[in-house]
Structure formats: C-alpha cells, structure tokens
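> Just passing along the structure, written as structure tokens.
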Amino acid sequence: MRASSRVVQALILAVVVGLCVLLAVTTAGHLEQRGIRSGFDFLLEPAGFTLGESMLPVDAADSTLLAFVAGLLNTLRAALPGAALALGIGILAGFGRLADNPLVRGLASAYVNAFRNIPLLLQLLAWYFILTDLLPAADAAMHLAPGIFLSKSGLSVPWWGETGFEIPEPGGFGIDGGARLTPEYLTMLIGLALYSAAYIAETLRAAVLALPPGQRLAALALGMSPRRAFIDVLLPQAWRAALPPVTSQLLNLFKNASLAVAIGYPDLVSVAGTSLNQTGRAIECLVIVIAVYLLLSLVAAAISHRLEQRTLQGRPA
Amino acid sequence: MSRIHVLTIAAALATFTAPAHAGKTLDGIKSRGQLACGVSTGVIGFSAADSQGQWRGLDVDVCRAIAAAVLGDANKVRWVPLSSQQRFTALQSGEVDILSRNTTWSLTRDAALGLHFTAVTYYDGQGFLVSKKTRVTSAKQLKGAEICVQSGTTTEKNLSDYFRTQGIKVKPVVFDKFEASIKAFFSGRCQAYTTDASALAFIRAKEAPNPDDYVVLPEIISKEPLGPAVRRGDDEWFAIVKWTINALIEAEELGITQGKVDALKGSPDPSVQRFLGVGEDLGKSLGLDREWAARAVKAVGNYGEIFNRNVGADSPLKLPRGLNAQWNKGGILYSLPLR
C-alpha cells in the first residue's frame, strides 16, 4: 500500500516536472521562432539607468544585475524597518483595543478599522501626496532641530557622506549633505507599517480574547493586579497563538512593498520594470522578481516556523 | 504589476499554444472585421479617449487610416489601451495587429523584440520642463536636481546618458503612472520633469496650475522617432502598414486633402491618378483593392491634416511642424514614392 502510494506520488511529480520543462522549452522555441531574443545575458550588460536612491553606489555603467541587487536592497530597506515598526504599533494598538479606558479603546479601534478597510495602494498614494503637497519646498525646508531639515525633498539628518560626517545645510536645489530619507521612502515606511500594524493588532486582540476566561479570573483570584495578570498570565499564552498569523502578516508586508513603484520608490519591481523596457525581456524580468520574492518569503517562513517550534517546546504539558 | 503579469503569462501561453501564423494577419483582420490597434492609456494629441469615449490623436488616426484601407471603414477598429510595459508583449502575443502608441524606434527594439517598425509618424526628442522659480535656464544647471520621470520609456536611459556626458549627477524619481509623475512634479517634489518634447508642451499647457510659471528648457537630449510597429513574420501586413503611412505623407505632398479626394479623381497629374487608383492599380501589389489609399485619406485626411488636427495649429498643443514638415518645406518627412 505504502509502496504503491509512493509510486503514484513519484508519477505525479514526474508529470508536473515534465509539464514545466515542456512549457519552458516550447516557450523558448517559439520566442526564437518569432525573433524575440531571450535569455539572462542582459544581466551582465550595463544597466544604462540609475536609481534615484540606493544603498549601493550603482552607476549607469554598472551591470543590470547590480541594479537588481540595489533594487532588492531598497525593498528590504523599506520592508525590514517597516516590519519592526508594524510590530511595535500593532502590539500597542492591540492592547489599546483591550484597554479599560474607553478613550484609548475607541482610538485604537478607530485606527484599526480605518487602516484595515482602505486599500493599501490608496493609503500609500494618500501618504505620498500628504508628504509632497503639505511640506514646504526644498529651498524653504523646515529646520526641525540643528542639522535636521524636513521638506518636499524628504527628511535630511546628519550622517556619514562623501566628506565624512556631514551636517545637512541649505544649498543647491535644497538641502545638501548628510543622509536624506526621501518622501518615497518615508511613505513606504509609514504606509506599510500602519497598514500591517492594524492587522497585527486584531490578531493579538483575538488571541487574548480566545483564552479561556478562567485564566484571567484565576490570576486575579491569586491576588495579581489586572495589569500583572495580563502581562504574566494572558500575554505569554496569547503570544503563542498569535505568532503564526503575525509572521504571516509580516510576510504580507514584505510582499506589499512591491507597490512601491506607484509612488516612485526604486524597489525591485521598479528596477525590473525599467529593465524590461530597456531590454524587452519581459518573461526574464518577471521570473527574477517572482524567484526573489518566493525565495525570500520561503526563507522568512522557515525562520518563523523554527521560532514557533521553539515557542511551542517551552509550553507546559 | 498585475496587468503586466497577466499579459506576460498570456504571451507565454500564446507562444506555447499557437503556431506562428505568417502572412495571416490580414486574413485575421478581415474575418474578424476589425483591426486591433494598441494605443496608449492616454497621451493627448497621440492617443487618448475624449469625453465621449472616442479615441483621438495622431496615432489613432494612423490606425483609422489603415482600417479604412483594408476594411473600407475607419471605424472598424478595436482600441486596446496598453501601458508602456505591456505594449511589446501585447504585440508579440498577437493581442494587437499593430502597435500605434508613441513608441520610439531604436535598434534594440527593432532587432530583439520580434517586431518591425514600419515608418516614422512623428520625429520627437526628449526635453525638460522646470518651474521658473528654480531660475534654471539650461539643462546643464540641473546639477544635484531631482527629476521626475515616468517609468517604462527610453527616457530614463537618455537622462542618465545625457548627464553622464555632462559630468553632472541628477536623481531620477521614477513613477509607474503618468498621472502620479505629473502630480509629484507640480507639487514641487522634483525640480524638473523630463519626457518627449511633444508631451512637455501638453503637460505645460494642460496640467500646470499656471502654465506661465513653467518653462521648457532649450536642450533636446535625444532623438525619438515615433512610429507604429507590427509583429515579425508577416511581410504582407508589414508592407500594408508601411505603405499606408507613406500614402498619408505622399498625399500631403501631392496636395490631396480629405475634402478633395473625390474631386481630384479627374486630375490630369499621373501621380495623383496613381494615388487615387484611377490609372494604375497600386493596391494589387499589397493585396488590397485600387482605392485603398484614397479611402485612407478620405477617412482621416493627409498627414498635414492629421498633424494640425491632433497636435498642430488646430489643436490645444499648438506644436510647430519643425522636423515633421515635408522634406521640401524644411522638415525631414519624406514619403517613399508610390509608384
């Protein structure tokens, strides 16, 4: 019985793999027949375009591959701090919804309902136009604190630049020197964090409410204050239940970062779009984006799975 | 993104299932009774739907002329609005018969994308729009500037080429959608906006809060010959599109206008006679009838009329003829001889 089921499984796998290979070979054949150049060789040719902002010093003469890497780093640069921020805000808002204080509870639920029920793309566009419409022009930047400027061109802060540690100062078309967080980056950070945090808040609230009411009552009967009962008894149990859906929200945040192209942030998808147009390699550029997202999501899922295992192991029998 | 996904997958599937059908484009159009024309999602003057949902523009009129030539009716066109990322895939996969979508003719595109450009319908070039407040009068003063640009065009490459030559660093801010890029520029996010000069004229005239606050810089940093493309592997269809466009240009040179097509059939000029199918039958070599060119001009007018109506003196854009004047009127528009 088991042997035969293995044979069936092996057959199914062989058919699936065979179909994939057939699809790839036939597509490549037809592309060639129609005079469409295909292949990944374009990755090693000069990109010919630059990124508006990048953690790598990429130039138009650098390879397309390097531009893709810079785009991926930009994605991570928005998604990773965004995830940390989302987790923090989500925990606060989740507890806020459980608070005894009606004002805190009302504010938290208003936030969760508003941000969960508006499409993320609209939120990103709204944040972007708030940042670029309402802030002063770059040549009239707000001087928030010594060396910190805020304007349509973004937030300039002191940082290491080409000439060592730099304090931003007005010059050129706006503010020169230091590090600048562009409105595109700030929008991604704020938009992604607030959107995902609303979901995380709901997950945490649900996890706490799902605990048997006896847990809280028992803790109170032992003389714990409501706060201690919440932190020492309810939270550790709720956290275990909440961990898988919360990590799945953080993964969603990473995938949602691909909306960056709508507001002009040079992420992986944006670089792929530009390369697609320069080279016409539509399938190839798409495959790269799919593969990168799939790979990183799988890695993140594996990490969160191990985390869950460890949390569950600590569970009392 | 989602639209790109769908189309690319559609292209992959189409290439997977459908055998190449060389020489069958015209048959397909005739049996469908419709020309599938890929246009932009909205570039005023070239291809844009008006308030009644009618497609208008120079690129649109080219498709209407071809529909008139091959189907006898300029209205038998199915308009397929395509983003700049979708356009080549849509043509390769056979979703459209012709891509008439302000697309630059370049070596890479002509040689590597499985398509053929047919003829140039508009000679354009890339320029810059800046706010007068910046006091910039030349692109060379844009050092350190942030420049808003729409993705999926040749624009980004030209931008980086030009400023590398000048030894100046600028920062592109690349948007997916035209509307978003324009909005960002006029809200003051960027110091300059770059795209083809024809579009800059439109953007300044129609999108700026106050056109007088903005100025188009004198530098034209690239050559952008725009023209329709067809799929490779169908030489018959390629010839029809190429020669219909040449006919529109030749009609202007010969003085054949939309209103005078019928009256000129009595003209003693042999070139005019040939054009209108009175004497020789030029249509036969193309697999069309003898009145194909006459029908095209009667439907949309000659090139000069198309130009003036959509982008020239009679349009809101008021673009000068410039390079797009006839070769004997100071331009470089030169129809191949119809004989």
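> Calculate the mean, over all residues of peptide B:80-87, of how many other protein chain Cβ atoms lie within 10 angstrom of the residue's Cβ.
Mean number of neighbouring Cβ atoms from other chains: 2.
> In nm, give the distance between the simple-model label positions of A:LEU209 and B:TRP327, each being 7 Å from the Cα along the Cα-to-Cβ direction.
Reported label-point gap for A:LEU209 and B:TRP327 is 7.8 nm.
> For segment B:163-299, what is the relative contact order in percent, using Cα pairs closer than 8 Å and at least 6 residues apart in sequence?
14 percent
> Sticking with this one: Normalised by the number of residues in chain A, what is the relative contact order in percent for Cα pairs under 8 Å and 6+ residues apart?
Numbers: 393 pairs, mean separation 60.3, N = 317.
Once divided by the residue count of chain A, the mean separation gives 19 percent.
> Please give the length that would be gained between A:THR26 and A:PHE40 if that part of the chain were fully extended, namely 0.36 nm times their separation in residues minus their C-alpha to C-alpha distance (nm, one decimal).
Details: separation 14, 0.36 × 14 = 5.04 nm, distance 1.72 nm.
Once the chain is fully extended between A:THR26 and A:PHE40, it gains 3.3 nm.
> Right, another one. From other protein chains only, count the Cβ atoms within 10 Å of every residue's Cβ in A:183-189, then give the mean. Show your work: numbers first, answer last.
Numbers: counts 4, 5, 0, 0, 0, 0, 0.
Counting Cβ atoms of other protein chains within 10 Å of each residue's Cβ and averaging gives 1.
> Another question, then. Could you give each residue of segment B:196-201 its phi-based ³J(HN,Hα) in whole Hz, using Karplus coefficients 6.51, -1.76, 1.60 with θ = phi - 60°, and x for Gly or Pro?
4, 4, 4, 6, 4, 4
> How far is it, in nm, from the label point at B:LEU107 to the one at A:ALA14 when both lie 7 Å from their Cα along the line to the Cβ?
Placing both labels 7 Å along Cα→Cβ, they lie 4.9 nm apart.
> Just to be sure I understand the model, the point goes 7 Å from the Cα along the line to the Cβ. What's the resulting A:ALA61 to A:GLU169 distance in nm?
3.2 nm
> Please give the net charge around B:SER138, taking every other residue with its beta carbon less than 15 angstrom from that of B:SER138, where Lys and Arg add +1 and Asp and Glu add -1. Don't jump to the answer; show the numbers that get you there.
Details: positive: B:LYS132, B:ARG135, B:LYS140, B:LYS143; negative: B:GLU219.
Residues near B:SER138 contribute +3 overall.
> Only helical DSSP H runs with n ≥ 4 go in: add -39500 (n - 2.57) per run for the protein assembly as shown, normalise by residue count and round the 222 nm mean residue ellipticity to 500 deg cm²/dmol. Each step should come with its number before you reach the end.
Numbers: 22 runs with 324 residues, N = 656.
It lands at -16000 deg cm²/dmol.
> Hey, if you put +1 on the Cβ of every Lys and Arg and -1 on every Asp and Glu Cβ in chain B, which of B:LEU248, B:PRO228, B:SER131 ends up farthest toward the positive end of that dipole?
B:SER131
> What does the structure give for B:173-182 when I average, per residue, the other chain Cβ atoms found within 10 Å of the residue Cβ? Before the final figure, lay out each step's value.
Working: counts 10, 13, 8, 9, 5, 0, 1, 7, 1, 0.
Mean partner-chain Cβ count within 10 Å for B:173-182: 5.
> I would also like to ask the following. Straight-line reach from A:LYS255: which lysines fall under 22 Å, measuring Cα to Cα and dropping same-chain residues less than 8 apart?
The reachable lysines, counting only those whose Cα sits under 22 Å from A:LYS255, are B:LYS177.
> I need to check one value: relative contact order of segment A:202-303, counting alpha carbon pairs closer than 8 Å and at least 6 residues apart, in percent.
On the way: 54 pairs, mean separation 22.6, N = 102.
For segment A:202-303, the relative contact order is 22 percent.
> Springs between alpha-carbon pairs under 10 angstrom, Gaussian network model over chain A: which of A:ILE130, A:ILE167, A:ILE12 fluctuates most?
A:ILE12
> While we're here: Taking amide H positions as placed 1.01 Å from N in the peptide plane, with prolines and chain starts having none, which residues 5 or more places from A:SER54, or on another chain, fall under 5 Å of its amide H?
Residues meeting the amide H criterion: none.
> Tell me the net charge near A:TRP160. Cut-off is 15 Å between Cβ atoms, A:TRP160 excluded, with +1 for each Lys or Arg and -1 for each Asp or Glu. Please report the intermediate quantities before stating the final value.
Numbers: positive: A:ARG180; negative: A:GLU162, A:GLU166, A:ASP176.
Around A:TRP160, the charge tally is -2.
> Separate question: Among DSSP bridges having both ends in segment B:126-222, what percentage is antiparallel? Round to the nearest 5. Display every interim value, and only then the final one.
Details: 8 of 15 bridges.
Counting only bridges with both partners in segment B:126-222, antiparallel ones make up about 55 percent.
> Here is a further query. Quick one: B:ARG274, A:ARG37, B:ARG87, A:ARG227, fewest Cβ neighbours within 10 Å first, how do they rank?
A:ARG227, A:ARG37, B:ARG274, B:ARG87
> Taking 0.36 nm per residue of sequence separation and subtracting the Cα-Cα distance, how much length would be gained by fully extending the chain between A:SER248 and A:VAL7, in nm to one decimal?
On the way: separation 241, 0.36 × 241 = 86.76 nm, distance 3.41 nm.
Gain on stretching A:SER248 to A:VAL7: 83.3 nm.
> Also, quick follow-up: Kindly state, to the nearest 0.05, the FRET efficiency for A:VAL104 paired with B:LYS133, given R0 = 30 Å and r defined as their beta-carbon distance.
On the way: r = 46 Å, r/R0 = 1.52.
So, using R0 = 30 Å, E works out to roughly 0.05.
> Among A:LEU186, B:LEU58, what is the fewest-to-most ranking by other Cβ atoms within 10 Å? Working shown, then result.
On the way: A:LEU186 18, B:LEU58 26.
In increasing order of surrounding Cβ atoms, one gets A:LEU186, B:LEU58.
> Next question. To make sure I understand, if each residue's beta carbon is the centre and we count other beta carbons within 10 Å, what order do A:TRP127, A:TRP160 fall in, fewest to most?
Details: A:TRP127 20, A:TRP160 10.
Least crowded to most crowded, the residues run A:TRP160, A:TRP127.
> With θ taken as phi - 60° and the coefficients 6.51, -1.76 and 1.60, list the Karplus ³J(HN,Hα) couplings across segment A:171-178 in order, rounded to whole Hz; mark glycine and proline as x.
Coupling constants for segment A:171-178: x, x, 8, x, 10, 10, x, x Hz.
> How do the peptides B:246-258, A:237-249 rank, highest first, by the average count of neighbouring beta carbon atoms within 10 Å per residue? Before the final figure, lay out the partial values.
Numbers: B:246-258: 22.2, A:237-249: 17.9.
Ranking the peptides B:246-258, A:237-249 by packing returns B:246-258, A:237-249.
> Read phi for every residue in segment A:196-201 and hand back ³J(HN,Hα) as whole Hz from Karplus 6.51 cos²θ - 1.76 cosθ + 1.60, θ = phi - 60°, with x for Gly and Pro.
5, 4, 4, 5, 4, 4
A short reminder: the numbers here are calculations on the coordinates, not readings from a lab. Keep in mind that what you see is a predicted model, and the values were worked out from it rather than measured. We place every Cβ from the backbone using ideal geometry, glycine too, and count neighbours over all the protein chains shown.
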